[in-house]
Amino acid sequence: MKVDGQCQCGAIRFEAEVDPAKVSICHCTDCQKFSGSPWRASAPAPADTFRITAGKPATYIKTADSGTKRLQAFCGTCGSHIYAAAPQNTPTYNLRLGVVNQRADLPPQKQIWTSSALPWAMDIHDLPAS
């Protein structure tokens, strides 16, 4: 599926191809902190389909508790997270679903790192909605 997106302020724009069957929610504590939320949703895009069409993301490398290093890319102006990837020889860019324009058409298909999930975050369907 072809997708495109941009950060909140529009300085960073991108396009890519994603497989809707691979969209996931991550409950790891890093994703909780990065997103300011109990989880973060991502859609993996093969490197050969991902292209920045405007701007240049700011980046830094985060080392997880496991020792795995991940390049985190975000807008240096508004702070929107754009993707995470391997620091070198990137086979896949994990696009942050919140900045993808087609996010409504990409429901997550699995959850990962559920051992780190906040207990209340696993079932919110009974919360009042407005």
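Just so it is clear, none of the values below were taken in a lab; they were calculated from the coordinates. On a predicted model such as this, the values are computed, not experimentally measured, just so you know. Backbone-built Cβ (ideal geometry, glycine too); neighbour counts: all protein chains shown.
Taking max minus min of the alpha-carbon positions on each principal axis, region 2-118 gives extents of 37, 29, 27 Å, largest first.
Please report the net charge: other residues with Cβ closer than 11 Å to the Cβ of residue 68, K and R +1, D and E -1. Display every interim value, and only then the final one.
Working: positive: 62, 69, 70; negative: 30, 65.
Summing Lys and Arg as +1 and Asp and Glu as -1 gives +1.
Straight-line cross-link partners of residue 110 among the lysines, defined as a Cα under 17 Å from its Cα and at least 8 positions apart when in the same chain: 22.
Just to confirm my numbers, what's the Cα centroid distance between region 3-47 and region 108-124 in Å? So the two Cα centres are separated by 16 Å. Phi angles of region 2-13 translate, via the Karplus equation with coefficients 6.51, -1.76, 1.60 and θ = phi - 60°, into HN-Hα couplings of 7, 10, 9, x, 7, 6, 4, 8, x, 5, 10, 10 Hz per residue; Gly and Pro are given as x.
Provide the gained length on full extension for the span residue 122 to residue 8, in nm with one decimal, where the gain is 0.36 nm per separating residue minus the Cα-Cα distance. It would help to have the intermediate numbers written out before the result.
On the way: separation 114, 0.36 × 114 = 41.04 nm, distance 2.72 nm.
That pair, residue 122 and residue 8, stretches by 38.3 nm at full extension.
The stretch between residue 52 and residue 22 holds 8.7 nm of extra length on full extension. This uses 0.36 nm per residue minus the Cα-Cα distance. Put a dot 7 Å past the Cα of residue 62, heading toward its Cβ, do the same for residue 90, and the two dots end up 1.5 nm apart. For the pair residue 1 and residue 113, a Förster radius of 25 Å applied to the C-beta separation gives a FRET efficiency near 0.50, rounded to the nearest 0.05.
Expressed as a fraction of 2.2 N^0.38 Å, the rule-of-thumb size for a compact globular protein of N residues, what is the C-alpha radius of gyration of region 60-130? Can you show the working numbers first?
Details: Rg = 15.2 Å, N = 71, 2.2 N^0.38 = 11.1 Å.
Its radius of gyration relative to the 2.2 N^0.38 Å reference: 1.37.
Given contacts defined as C-alpha pairs under 8 Å and at least six residues apart, what's the relative contact order of the chain, whole-number percent?
Values: 265 pairs, mean separation 39.8, N = 130.
Over the chain, the number comes to 31 percent.
I'd like to know which of 61, 100, 47 lies farthest towards the positive end of the charge dipole of the chain, counting +1 on Cβ of Lys and Arg and -1 on Cβ of Asp and Glu. After comparing all options, I get 61.
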